[in-house]
1. Assess whether Glu120 counts as being under 30 Å from Pro277 (Cα atoms), under 48 Å from the mean Cα position of the chain (by Cα) and modelled with pLDDT under 80.
2. Counting residues that are open to solvent by less than 20 Å² (accessible area, probe 1.4 Å), which strands (runs of 3 or more DSSP E) fully inside region 182-296 reach at least 2?
3. Could you list, in sequence order, the residues of region 416-470 that are open to solvent by less than 40 Å² (accessible area, probe 1.4 Å) and of a type in the set (Gly, Ala, Ser)?
4. Spot the failing condition for His251; the list is (1) in contact with a helix residue (DSSP H, G or I) (Cβ under 9 Å, 6 or more places away or on another chain); (2) at pLDDT below 90, and only one is missed.
5. Restricting attention to region 401-419, which residues are modelled with pLDDT of 90 or more and part of a loop (DSSP other than H, G, I, E, B)?
6. Given the options Pro14, Pro106, Pro102, name the one that is out of contact with any Ser or Thr (no Cβ under 6 Å at 6 or more places or on another chain) and either at pLDDT below 75 or more than 30 Å from Phe276 (Cα to Cα) (or both).
7. Quick one: count up the residues across region 80-100 that are surrounded by 15 or more Cβ atoms within 10 Å (Cβ to Cβ) and under 19 Å from Ser448 (Cβ atoms).
8. Output the number of residues of region 347-389 satisfying the condition of being at pLDDT 90 or above, surrounded by fewer than 21 Cβ atoms within 10 Å (Cβ to Cβ) and either under 25 Å from the mean Cα position of the chain (by Cα) or among the hydrophobic types (A, V, I, L, M, F, W, C) (or both).
Amino acid sequence: MTWKYTVKQLFRTPGKLLLFFLLLVLSAALLVSGFNLWANTGETLSQMSQAYTTRGTVRQLADTTELVSYTNALGSFTFEQPIYTKEMKLEELSSLPYLVPPENRPVLYTKGIREKNGNEILTYPNTLQYAVIKFRVQEDFNNLSGETTGQPGERTASGCDQATLSSLSVLQEDGSFAEVSLPGCQVLIPQSSDPYSYDFKASEEYVAYAYLDARATPMATLRHYSYSTATTPASTEYSGLEELYYPYSDHFLTTEEGKLLLAYARNSALFSRNAFPTVPTNDNMLLDPFFKKWITMKYGRTITAEEYASGAKVCMVPEYLASDPSDSDTSPSGYNNYMSVGDQLTLSFYGAVYSLPPVDASYDPKQSLNAPLFPKEEMEPFATETYEIVGVYRQQVPSDTDDTAMFGYLQVIIPEKSIEGGVSNIVAGGPFVPQNVSFLLENGSADSFLLEFDKLGYDNLQVEVDDMGYAEVARGVETVMLVARILFFSGLAGVLCVLVFFVFLQVARRERETAVQISLGSGKRRAAASLLLAVMLVAIPGSAGGALLGHAVSGRLSEQVYDTASQSAYSREYSDLYASENQEQVTLKTEAQPGNTLAAAVGIVACALLLTGFFAARNFRKEPLALLSKGGDRT
């Protein structure tokens, strides 16, 4: 009959009982909804830390500009040429907080051997290339006045004078000239050439540095030969030959001009069909194709953070370079290289170029490395390393993108630290550009980073940070987290207050009644059961009702808070330096999890049990006779 007596005692004051029940339901609902929101936001933030990357780029602004004018058949043109007089070093930015410090990536002119068969890695020969040519015109052709009028009927639409060649040959690395069969080939002299005057005799041969186009209408456009002298990644000077062309003689290659052109021919031959660009880096996400998720791994995997940090001898190669054999000029791929994951490649690095984005020194499926920038000496490798291919990647650039010339594509990618002794033999330097200079930040630190950068006072450096939209999403998630904590701790405080007060009334204040039951022979166990039953008749339904209510409102509440916070998130002082073009699609998880709801409800009941046990034990420690001797009824 214990339960009947307990129920009767419990309903002696129904108004008070209903009040406690409703308070417990509301407090439990707050606690459960807060607990669900907290769990969901914590999981979402964990996902965001994996899905989002915050990357910054650095651009060096020109110190001054110079007006450059030129004239061709289309008219006269003037443009501003940027001039960089101050040499910037990455060390000047070392005091800022980074996840991965900034790097200035060069393009490395590379040749390679595939260890499995000992064959050179091949690329298709260029249809467009620079070369040292020896030529003869069919008829005398001159413009002795230097006027940009040209000869009637022999002016191209691009503003070049032209004449038909009777012979054409290309300088080889051994110093010989190999005849080239290009019927109808035209020699072009740009009107922008300085000096512009020329005098070609059909009876004589001439040597020049030219841009060969061997396509439908073969052309050889004469250029002033220049070579680079670079000492640092930021500094390059260019020197070259004064004349646009030279009369050929048997002793020409022994002259200073001939030696320069022969060195160029040997360097050009070195990279004509078996060279490719390599990019050393410290993290995949520093490279634009990876950051923008244009890259997918066709085979294998990407280079890991641990491999980058340790300088492991591993590499990733583009699918075009690793493709199956194909001799068809119409095939979209095929370099006869048979590369696969696990193969060993011996790569020889000849020179580093900092002045061009990787894309400008790259190749397409029908081109090998086109490298017009060479030093005046014959190039030798500054390092040779053996790498294991860990991945073959494929790049797909969206058709609607307007930044395909960013960080380059179709390069072999290696850890920067894998080159023993570091990068040397700088062929060409250049200012900091976003294509080559980038860094990584901790997610959520972009605003504070930009403030710290502003304190450095560099008016010739521009930093842009792209967080993939992390700040916008995080603002909403963090607001939900704040609401979740308020709800949780408010609910927890409410549950504890209600339970402590209710248990105190049902257990501690009934110590005289408990003493009577024990004196009449009920025993402590039955008395404890009566007290526990009284508490559980309210705690279990109250926690269950509150849990169901909290579970029901959690999802709707988190969605409303998240949407409101996200819509008002984007207001930044540095909006011109802050981007989120590569928007990720991670959003807040709003569904309440039954497991979390059940855990919270069980926790409330467990708390009630503990409080009941505590106060009951306190009652049982007192002597029944001493309690009975006290006057008054405390029930």
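1. Taking the combined requirement at face value, the residue satisfies it.
2. It comes to 186-190, 198-200, 206-213, 219-223, 275-281.
3. Ser418, Gly422, Ala428, Gly429, Gly430, Ser438, Ser445, Ala446, Gly469, listed by residue number.
4. All conditions pass for His251, except number (2).
5. Answer for region 401-419, where residues must be modelled with pLDDT of 90 or more and part of a loop (DSSP other than H, G, I, E, B): just Ile419.
6. Pro14
7. Residues meeting the conditions: 5.
8. Residues meeting the conditions: 3.
The values are calculated or read from the model by the stated rules, or taken from the named source; none is laboratory data. Just so it is clear, the structure is predicted and the values come from calculations on it, not from any experiment. Methodologically, a virtual Cβ is constructed for each residue, glycine included, from the backbone with ideal geometry; neighbour enumeration extends over all protein chains shown. When the accessible area is computed, the model is the full protein with side chains, heavy atoms only, and any ligands, DNA or RNA have been set aside. Shrake-Rupley method; radii C 1.70, N 1.55, O 1.52, S 1.80 Å.
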